[in-house]
Amino acid sequence: MNKFEQLGLSESLLKAILDLGFENPTDVQEKAIPLLLEKDTDLVALAQTGTGKTAAFGFPVIQKIDADNRNTQALILSPTRELCLQITNELKNYSKYEKGINVVAVYGGASITEQARDIKRGAQIIVATPGRMQDMINRGLVNITQINYCILDEADEMLNMGFYEDIVNILSTTPDSKSTWLFSATMPAEVARIGKQFMTDPVEITVGAKNSGSATVSHEFYLVNARDRYEALKRLADSNPDIFSVVFCRTKRDTQAVAEKLVEDGYSAAALHGDLSQAQRDGVMKSFRGRQIQMLVATDVAARGIDVDNITHVVNYQLPDEIETYNHRSGRTGRAGKLGTSIVIVTKSELRKISSIERIIKQKFEEKTIPSGIEICEIQLLHLATKIKDTEVDHEIDNYLPAINNVLEDLSKEELIKKIVSVEFNRFINYYKKNRDISTQSGDRRERDSAPREGGNAGGATRYFVNIGSRDNFDWMSLKDYLKETLDLGRDDVFKVDVKEGFSFFNTDPEHTDKVMEVLNNVQLEGRRINVEISKNDGGGRRDHNGRSSGGGFGGGRSSAPRREGNFAPRREGSGGGGFRSDRNSAPREGGFGGRSAAPRREGGFSDRAPRSEGSSDRAPRRSESFGDSPRPRRPRRD
Ligand code: AMP
């Protein structure tokens, strides 16, 4: 006997379950189904999406419906059109062996007359969004005065979206004798209020700890400067070549802008937000489900109810305004027992929110550093090697082998491997060689929680940026000596000196900060004013005594790059402009979302972008084999 049979489900439902391939009930199903089948009771279930809650209320409601009676007997309210359609489809699948059960979806953006006609034909179960349902009640197109069951799905989301009034009005139209089943991931005050107002002694079930995040999701945060948010996102994508993710932004405008930038930079990305037409949204979702899109950039509202399996990462490009929303975001990954990662890109001023979220999800975040260029190169190199190994050979190529052999015959196996790998890899090396690392660290979490600091003294020392470097004939020893002398400091008072061409970094203990800032900013070196600023991080690693920085990687270890545009500042703020734009215009892309580049790219202006191929194939979207030839989904319109 399989475990579903023990729950008391009917033969026809068990047959449908067999077809669906569900082997064992999930936690919420095991708890809710026997209870709801046994008696008519109100229920509050704390369960997130991905826990199998649709079946937890869907199986019992189908079993309890009287198929011979064509009146509406159950109403399911859900926050979005997508979720509404999803639930309707699931219920249709569950009830496929039941005779005479009709499930009708009622939602905005589609013909109300058609929906009314479907209901009139006899809909025992209506799945509705609150706004459209209220509309139908007002117009007398639906009768819910006889229902026996009312299910509020994702109640917290519905209230978040401002449906409180509608829900209260709708519930007031239903009979007192009905049973109400409320499903919610969290229990904010408004949800509890609805529960109190409309339910009698509800049975409460909780899946996992109350308000806790799924145990299969791990939570990470990356601390960056605000201006590096986008660069951080790209690096996270580059360091996860197989990423399949939802990237959350706070506003429609940001969502659109980030998606467009990613596409321009060669990633397979698309935007999903409320300003897109329904057809556009459906197109984007279809491409995402089909995995032609690796990074779906979405607003919270638009992403509600997204039920796509195997999402590897949820990226909080910006944290939500309402901390509770974090739960909904992270719940998009780690579904059906798979592991997932929820990433937060965070700035110093937002760090306190991390602690608040930890309290809500009852899970700790791991603080991670944005991978350095060299780490990304290493990851990509190994990824490429694996890809070469796994590539299936098309024997069409056999005809060309003699000619190819002719060209390559003087190369040894090792040389050949190096060259093949370099074809793809040189672009990454070149890109990351030119780009500084962007990681910053929060330091002690306790310190972080009590007083986020502005300056770069996370490691107990102050890190400075100064506009003199090897161009001024300094090396780390001579610069250290120069600083000690100019500042009148002791032998080991200046440390972690890291000299670049036009600028350098160094550390002192915080007690010297005022002096450094005051004295050094008033010194001239060969007629040029010295400029010193406090850097945003501590230079990484411990204090050492030879003045060498322990930060590794290309482009200046973990130091943040100078922010000003003076002649010493190597950061190419402007690269998103001129060179980039003309590049984009002259090299239209073919194929899928950023699939392949038709024209060679110029080396020059892309320092802030992901590396591109100089040849005919674009580096990113890395899954060029699988994405390259797919039709390009229509580009959503701008805000
Ligand atoms: P939900 O939490 O209802 O959104 O369900 C998440 C996903 O899990 C859906 O794709 C369901 O089809 C699937 N699912 C629900 N119950 C089971 C089960 N017992 N075994 C396997 N998959 C399930």
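Couple of notes before you dig in:
- Taking residues in region 36-56 that are outside the structural domain of residue 195 (by TED's automatic domain parsing) and within 16 Å of residue 26 (Cα to Cα), and partners anywhere that are within 15 Å of the ligand (Cβ to nearest atom) and part of a loop (DSSP other than H, G, I, E, B), not one pair has Cβ atoms closer than 8 Å while being at least 6 places apart or on different chains.
- From 248, 198, 244, residue being within 28 Å of residue 52 (Cβ to Cβ), surrounded by fewer than 23 Cβ atoms within 10 Å (Cβ to Cβ) and assigned by TED's automatic domain parsing to the domain that holds residue 340: 244
- Positions within region 419-437 being at pLDDT 75 or above, touching a Phe, Trp or Tyr at 6+ places or on another chain (Cβ under 9 Å) and either among the polar types (S, T, N, Q) or more than 30 Å from residue 462 (Cβ to Cβ) (or both), in sequence order: 429, 431
- Among the residues here, residue 488 does not qualify as crowded, with 23+ Cβ neighbours inside 10 Å and either under 30 Å from residue 344 (Cα atoms) or at pLDDT 90 or above (or both).
- Counting only helices (runs of 4 or more DSSP H) that sit completely within region 1-85, those holding 3 or more residues that are within 13 Å of the ligand (Cβ to nearest atom), modelled with pLDDT of 95 or more and surrounded by fewer than 24 Cβ atoms within 10 Å (Cβ to Cβ) correspond to 11-20.
- Selection count, region 235-256, where residues are in a helix (DSSP H, G or I) and touching a helix residue (DSSP H, G or I) at 6+ places or on another chain (Cβ under 9 Å): 5
- Unmet requirement for residue 327, which otherwise passes all of (1) under 27 Å from the mean Cα position of the chain (by Cα); (2) farther than 30 Å from residue 289 by Cβ: (2)
- Criterion (closer than 25 Å to residue 358 by Cα and touching a residue at least 24 places away in the same chain (Cβ under 8 Å)) met by exactly one of 189, 270, 237: 237
- Which listed residue, of 91, 152, is touching a residue at least 60 places away in the same chain (Cβ under 8 Å), buried (at least 22 other Cβ atoms within 10 Å of the Cβ) and within 30 Å of residue 11 (Cβ to Cβ): 152
- From the options 98, 82, residue that is of a type in the set (Asp, Glu) and more than 38 Å from the chain's Cα centre (by Cα): 98
- In the set (1) within 16 Å of the ligand (Cβ to nearest atom); (2) hydrophobic (A, V, I, L, M, F, W, C); (3) assigned to a helix (DSSP H, G or I); (4) in contact with a Phe, Trp or Tyr (Cβ under 8 Å, 6 or more places away or on another chain), the condition left unmet by residue 311 is number (3).
- From the list 321, 300, 309, the one residue that fits, being in the same structural domain as residue 247 (by TED's automatic domain parsing), within 14 Å of residue 244 (Cα to Cα) and among the charged types (D, E, K, R), is 309.
- Scanning region 341-356 for residues that are more than 11 Å from the chain's Cα centre (by Cα) and of a type outside the set (Asp, Glu) gives 346, 347, 348, 349, 351, 352, 353, 354, 355, 356.
- Scanning region 438-481 for residues being surrounded by fewer than 19 Cβ atoms within 10 Å (Cβ to Cβ), at pLDDT below 60 and of a type in the set (S, T, N, Q) gives a total of 1.
- Residue within region 321-333 that is hydroxyl-bearing (Ser, Thr, Tyr), within 16 Å of the ligand (Cβ to nearest atom) and either surrounded by 21 or more Cβ atoms within 10 Å (Cβ to Cβ) or more than 26 Å from residue 82 (Cα to Cα) (or both) present: yes
- Residue satisfying condition, being part of a helix (DSSP H, G or I), more than 24 Å from residue 183 (Cα to Cα), modelled with pLDDT of 90 or more and within 13 Å of the chain's Cα centre (by Cα), within set 259, 271: 259
- Each residue in region 279-308 was checked for being within 16 Å of the ligand (Cβ to nearest atom) and closer than 30 Å to residue 349 by Cα, and 2 pass.
- Within region 94-125, tally of residues that are of a type in the set (Val, Ile, Thr), under 18 Å from residue 137 (Cβ atoms) and surrounded by 21 or more Cβ atoms within 10 Å (Cβ to Cβ): 3
- The one condition in (1) surrounded by 15 or more Cβ atoms within 10 Å (Cβ to Cβ); (2) of a type outside the set (D, E, K, R); (3) modelled with pLDDT of 90 or more that residue 191 fails to fulfil: (3)
- Filter result (touching a residue at least 24 places away in the same chain (Cβ under 8 Å), of a type in the set (Ser, Thr, Tyr) and farther than 24 Å from residue 205 by Cα) within region 155-173: 173
- Residue that is farthest from residue 90 (Cα to Cα), among those in region 274-308 that are in contact with a helix residue (DSSP H, G or I) (Cβ under 6 Å, 6 or more places away or on another chain), of a type in the set (A, V, I, L, M, F, W, C) and in a loop (DSSP other than H, G, I, E, B): 293
The values are calculated or read from the model by the stated rules, or taken from the named source; none is laboratory data. A quick note: this is a predicted structure, and the numbers were derived from the prediction, not measured. A quick note on method: Cβ atoms are made from the backbone with ideal geometry, for glycine too, and the neighbour counts reach across all protein chains shown.
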